[in-house]
Amino acid sequence: MQLRYRQQAMTAGVAVVALTLALGACSSSSSSSSSPGASSSGGGSSSSGSANVSGTLNGSGSTFQLAFQQAAISAYKSVQPNLTVNYGGGGSGKGRTDLAAGTVNFAGSDSTIPSKEASNFSGKTVLYFPVVIGPITLSYNLSGVSSLKLSPSTIAGIFSGKIKTWNDPAIKADNSGASLPSTSITLAVRSDSSGTTANFSNFLVEAAGSAWTLGTSSTINWPSTARAGSGNAGVAQIVKSTPGAIGYVDYADAKASSLTFASVKNKAGNFVAPSTDSATAAAQNATVKPDDTFSAIWAPGAQSYPITYQSFVLVYQSQSSTSTAAGLKAYIGYLLGDGQKLLPQLNYAPLPSNIDQQAQAQLSKIGS
């Protein structure tokens, strides 16, 4: 499934190459999407990549980023043919582990470095570049039910194993008048160390209060009856093939697998469906820290989808060579520039302009 999904992502990337190049050709130095740091660093403009860079960059991590990374790599090859970029999934935890071990030049992570992992980075300064935002869906497989609504406390009950059937009173209370079957609930969760898991469980901590007792982490001790899949695509496959299943799956994978997903009650008390627009609304209401990290989980706002998460590219501030530094500036600058225009076609949400501009401004910090 993972291989097939990567192939789909690559196809999507090829399909948007022409659009990307056309958009890049129309960009100018005064465009708000061009990077103030990259053009002066030899890394090229984030819009056009006009300065030549070469070499190979390797990255791994977040499967939430996977389709975007594959599409961007394919498109960027036409802009900078002498720079080879490789990106493998494996989950956010793997990306951080690979970066700490020095086996990759950048990591994809849907969360910041947990305190228990900080010592792995030997005191090195890690820069965070947000590149994409999107909803985590509550995707489900329930015949005859197409407009499910779920509140945070109900979701907590389901994923802690306390709510075991679809006609449980708590689910009925969220769905007045709906006909819900007595089908048993099967949980679909991640088997790998996952930023999606970290953000989903963080939502439950923030929103469900005492109803959620399993904490938040990139790995959770789920009920023993849960079925685990690798990556977002693996969880999506379990949901798709298992009647009565429900799982937390990023929006792009859920759409790619044609899954049905619930509306979730947000901080303002409204049931909001996951979409790129409701994700953008959440991110616009998030508080951004000076290092460009933020969380859009449980953000305020009437239209905010409450399980919106973000994904970062992590790099060391100090690189081993000027060519690697230039390559990273150029490629990350592209992700923050014209690469953002690829996102809607891949069912991701682009960064709000204030977050994007703050991220571009710190490109100049990457050095050798």
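The values are calculated or read from the model by the stated rules, or taken from the named source; none is laboratory data. If you're wondering where the values come from, they're calculated on a predicted model, not measured in any experiment. For neighbour counting, all protein chains shown are included, and Cβ atoms are generated from backbone atoms with ideal geometry for every residue, glycine included. Keep in mind that these areas ignore ligands, DNA and RNA; they rest on the heavy atoms of the full protein, side chains included. Shrake-Rupley method; radii C 1.70, N 1.55, O 1.52, S 1.80 Å.
Considering 228, 281, 273, which residue is of a type in the set (A, V, I, L, M), open to solvent by less than 60 Å² (accessible area, probe 1.4 Å), at pLDDT 95 or above and in contact with a strand residue (DSSP E or B) (Cβ under 6 Å, 6 or more places away or on another chain)?
Being of a type in the set (A, V, I, L, M), open to solvent by less than 60 Å² (accessible area, probe 1.4 Å), at pLDDT 95 or above and in contact with a strand residue (DSSP E or B) (Cβ under 6 Å, 6 or more places away or on another chain) holds for just one of 228, 281, 273, which is 273.
Report yes if some residue within the range 101-108 is among the hydroxyl-bearing types (Ser, Thr, Tyr), more than 20 Å from residue 319 (Cβ to Cβ) and surrounded by fewer than 24 Cβ atoms within 10 Å (Cβ to Cβ); otherwise report no.
For the range 101-108, residues among the hydroxyl-bearing types (Ser, Thr, Tyr), more than 20 Å from residue 319 (Cβ to Cβ) and surrounded by fewer than 24 Cβ atoms within 10 Å (Cβ to Cβ): absent.
Assess whether residue 303 counts as being open to solvent by 10 Å² or more (accessible area, probe 1.4 Å) and part of a loop (DSSP other than H, G, I, E, B).
Here the answer is yes, as residue 303 does meet what is asked.
Considering only the range 309-343, state which residues are part of a helix (DSSP H, G or I) and either modelled with pLDDT under 95 or in contact with a strand residue (DSSP E or B) (Cβ under 6 Å, 6 or more places away or on another chain) (or both).
Passing the criteria: 323, 325, 327, 328, 331, 332, 335.
What strands (runs of 3 or more DSSP E), lying completely within the range 58-177, carry at least 1 residues that are at pLDDT 95 or above and more than 22 Å from the chain's Cα centre (by Cα)?
Those strands (runs of 3 or more DSSP E) span 83-90.
Take the conditions out of contact with any strand residue (DSSP E or B) (no Cβ under 8 Å at 6 or more places or on another chain), surrounded by 15 or more Cβ atoms within 10 Å (Cβ to Cβ) and in contact (Cβ under 8 Å) with a residue 60 or more places away in the chain and apply them to residue 151. Does it pass?
No; evaluated as a whole, the condition is false for this residue.
Only one of (1) open to solvent by 10 Å² or more (accessible area, probe 1.4 Å); (2) within 23 Å of residue 71 (Cα to Cα) fails for residue 325. Which number is that?
(1)
Report, ordered by the first and then the second residue, all pairs with beta carbons closer than 9 Å, sequence separation of six or more or different chains, a first member in the range 292-318 that is among the acidic types (Asp, Glu), and a second member that is open to solvent by less than 40 Å² (accessible area, probe 1.4 Å).
Close Cβ pairs (under 9 Å, with a partner that is open to solvent by less than 40 Å² (accessible area, probe 1.4 Å)) amount to 292/127; 292/128; 292/129; 292/130; 292/312; 292/355; 292/359; 292/362.
Given (1) within 26 Å of residue 63 (Cα to Cα); (2) open to solvent by 10 Å² or more (accessible area, probe 1.4 Å); (3) among the hydrophobic types (A, V, I, L, M, F, W, C), where does residue 145 come up short, assuming only one miss?
(1)
Looking for whichever is within 20 Å of residue 238 (Cβ to Cβ) and open to solvent by 70 Å² or more (accessible area, probe 1.4 Å) here; the options are 219, 183. Which one fits?
Only one candidate passes the filter, namely 219.
Please name all residue pairs, on different chains or six or more residues apart, with Cβ atoms under 7 Å, provided the first residue is in the range 168-182 and is within 13 Å of residue 154 (Cβ to Cβ) and the second residue is among the small types (Gly, Ala, Ser).
What qualifies is 170/157; 174/151.
Would you mind stating whether residue 292 is assigned to a loop (DSSP other than H, G, I, E, B), charged (D, E, K, R), within 20 Å of residue 134 (Cβ to Cβ) and open to solvent by less than 40 Å² (accessible area, probe 1.4 Å)?
It is true that residue 292 is assigned to a loop (DSSP other than H, G, I, E, B), charged (D, E, K, R), within 20 Å of residue 134 (Cβ to Cβ) and open to solvent by less than 40 Å² (accessible area, probe 1.4 Å).
If you scan the range 94-113, which residues turn out to be over 25 Å from residue 55 (Cα atoms) and out of contact with any helix residue (DSSP H, G or I) (no Cβ under 8 Å at 6 or more places or on another chain)?
Once the filter is applied, which keeps residues that are over 25 Å from residue 55 (Cα atoms) and out of contact with any helix residue (DSSP H, G or I) (no Cβ under 8 Å at 6 or more places or on another chain), the range 94-113 yields only 112.
What are the residues in the range 187-210 that are in contact (Cβ under 8 Å) with a residue 24 or more places away in the chain and open to solvent by 30 Å² or more (accessible area, probe 1.4 Å), if any?
Across the range 187-210, the qualifying residues are 191, 193, 202, 206, 209.
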